[in-house]
1. Under 5 Å between amide H atoms, partner at least 5 residues away or on a different chain: which partners does A:A162 have, H built in plane at 1.01 Å?
2. In the range A:87-133, which residues give up 50 Å² or more of accessible area once the other protein chains are added, compared with their chain alone (1.4 Å probe)?
3. For chain A, modelled as a GNM with alpha-carbon contacts under 10 angstrom, which of A:R298, A:R266, A:R45 fluctuates the most?
4. Going by accessible area, probe 1.4 Å, with all protein chains left in place, what is the ranking of A:S14, A:S125, largest first?
5. Got a sec? Which residues in the range B:67-94 would a label at A:F99 touch, if it sits 7 Å along Cα→Cβ and we count backbone N under 18 Å?
6. Choose one of A:P73, B:A151, A:T146: the residue whose Cα lies farthest towards the positive end of the charge dipole of the protein assembly as shown (beta-carbon charges +1 Lys, Arg; -1 Asp, Glu; about the Cα centre).
7. In the range B:137-162, what residues drop by 30 Å² or more of accessible area when the other protein chains are put back, versus the chain on its own? Use 1.4 Å, and skip ligands and nucleic acids.
8. Put a label point 7 Å from Cα along the Cβ direction on A:A88, then list its distances to the equivalent points in the other copies in nm, shortest first.
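The values are calculated or read from the model by the stated rules, or taken from the named source; none is laboratory data. Quick caveat: nothing in here was measured; it's all calculated off a predicted structure. Positions of Cβ are backbone-derived with ideal geometry, glycine not excepted, and every protein chain shown enters the neighbour counts. To get the accessible areas, we keep the full protein, side chains included, count just its heavy atoms, and leave off ligands, DNA and RNA. Shrake-Rupley method; radii C 1.70, N 1.55, O 1.52, S 1.80 Å.
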There are 2 protein chains.
Amino acid sequence: MATLADVARRAGVSTATASRIINGSPKPVTEELRTRVLAAVAELRYVPNAHAQMLARNNRNAVGVLVHDVSDPYFAEITRGLQRVATAHGRLVIICNTFREPARELEYIDLLHAHQVAAIVVAGSGYLSSDAETELHDRMLAFEATGGRIAVIGRHHHSSDAVVPANEEGGYLAGAHLFELGHTAVAVIAGPAALTTTADRLAGLQRAATAFGRTLHIVHSDFTRDGGATAAADLLAVDPGLTAIAALNDSMAVGALAAMRAAGRRLSIIGFDDMPIARDVTPALTSVRLPLTELGERAMELALNPPPPNAPPRTEHIPAELVIRDSTWPLKPAT
Amino acid sequence: MATLADVARRAGVSTATASRIINGSPKPVTEELRTRVLAAVAELRYVPNAHAQMLARNNRNAVGVLVHDVSDPYFAEITRGLQRVATAHGRLVIICNTFREPARELEYIDLLHAHQVAAIVVAGSGYLSSDAETELHDRMLAFEATGGRIAVIGRHHHSSDAVVPANEEGGYLAGAHLFELGHTAVAVIAGPAALTTTADRLAGLQRAATAFGRTLHIVHSDFTRDGGATAAADLLAVDPGLTAIAALNDSMAVGALAAMRAAGRRLSIIGFDDMPIARDVTPALTSVRLPLTELGERAMELALNPPPPNAPPRTEHIPAELVIRDSTWPLKPAT
DNA sequence: CGGTATCAGGAAAGCGCTTACCTAAGGCGA
DNA sequence: TCGCCTTAGGTAAGCGCTTTCCTGATACCG
């Protein structure tokens, strides 16, 4: 591994000069030396050691991202947004996949901290009052105390900058839509009860139910397609009178659609997030749209642009929007 | 930012001792000091500086991954596999999104090199004989020359370890399937002509066409859902006699399905990759399955387990498999 | 009781870079 | 001609760690 010293020796200059030339420092240098050094760099295939640079310069250039699972389209979409703006700022992005294990989140926060990242974006639902969650919060504070920046997406930490998707409002939108169509027997396929995202969306749905004087049949699943399919199958078996289902994300809605097809039933169904798949299933899925990529972009912007000193944490609300397609229709009075 | 020296001072020991205790070195230390140091660590919220550690230890622990686009389900799936085994080995994964720009690939290779990663996995199709491609190859060699390991997925570099999906065979499978069903007027919606993946899959299709004494109508698109939709719409307009379409990935197949629906036409259609969405569209998509997650896992294993010295590069072939669903059917003779 | 083996802990030399500071050589005006 | 300011380049002090080697103290042996 060629070092700067090798380059300097080969070019017959000091490491100081070599360093200046390679980094294009403002210090003037004769053309002669410049070409010699650059030639040495090329011949030795010299690549500077980033760790040494970080250490010497003491600047932070990378940013870390914590996601539950990159291969989940929900996070993939968010990640895309995060990466777009990070790249635009010339930042290296380190993506950490927690595989939905809270313990891994803690590990990764420290790891990113150790790697001197400039900022950490924590994406994805938090857990309702768990030990891991407060522990995480602690570490986030510790990281911020050392000058690092934190932005969270959809978490309920009110000490860091946050972009918060309108989960509750979205839930309301979904519920209101179904009730306005005349449905009375509606079930909700929710995500894991421990997640704040589940809780928030559910709260909105409940608010709609109350407003319309209705009740909801709630079951919990796991936000996956197959989980949604199973939940829907159970629901159809247990509650034959059901006319509509609200799934708390599109993956589960798609699963539910498959289950309904398998059971030969047709219920109105509404999803959440409006992921790309929504328009390609049959019937095309009505969904509560959340601009995922934008969520990521906003969060990265918060993370990268430090707020004025001693300002309170910034919060950016991202509205939800109902996208009506073919999977919901008015309930016809029983014939 | 607390340093080791701070911890040592606070615990009243030397940095050497502090370092040993924190890293659990085998050197024996009195319980007394151990607790003092650990207490200092906790009080100061000390997190070691990973850059300094890298520099001092001179070991490489991270691994880099180059993908065209994480949010593309194809790469998301591969990335998942990569990450699973990297995490199992306790490695930090740095994912670099090239946004399909060859120039960015070069940049990132150097960046990962500079960051002293232990290995780089280059995922995703290469370009047929472009300058950027040979340049990339050069840099890969330079990286390997410094002791770094490289594994490529589906690229035609025969100097590094590689896992190669059976693109050609898969193409043949797709073609043979369509021809066996009696289709004669079949079109192919290919990816960008410059990509090796396109070329390989196409070659297999051509081989099948030759074997069955048929010809193919080929159009190039961009591997995206909307690109596929546009291409299919054009195809339907230009060539009304078409009875089957082979799309070179599932995204385009899904788009084609949508275009056909819009045009009120029903042709047999076959996709490629068997991504999760394939079973959820209507009709469920027949597809040439490539185990994407496994592709990623294999590649990371190659990258992490160095081969015996001076052995030739290893190549792992991953077979393709035809998954027949509802989107392909026998051609009924025109009535 | 001297000598050596054992042990806990510290001093200090790097790891590869950046950069503040210094030096030597010209160039200039007076 | 002298003194001083540029200018081009070098010297060396870190950045925060790890680790080799060393020291002083204690234990153990004959």
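1. Amide H neighbours of A:A162: A:V152, A:R314, A:T315, A:E316.
2. Those residues are A:T87, A:L92, A:I95, A:F99, A:A114, A:H115, A:Q116.
3. Fluctuation is largest for A:R45.
4. A:S14, A:S125
5. B:76-94
6. A:T146
7. So the qualifying set is B:A142, B:T146.
8. Its label point is 3.9 nm from the equivalent points in the other copies.
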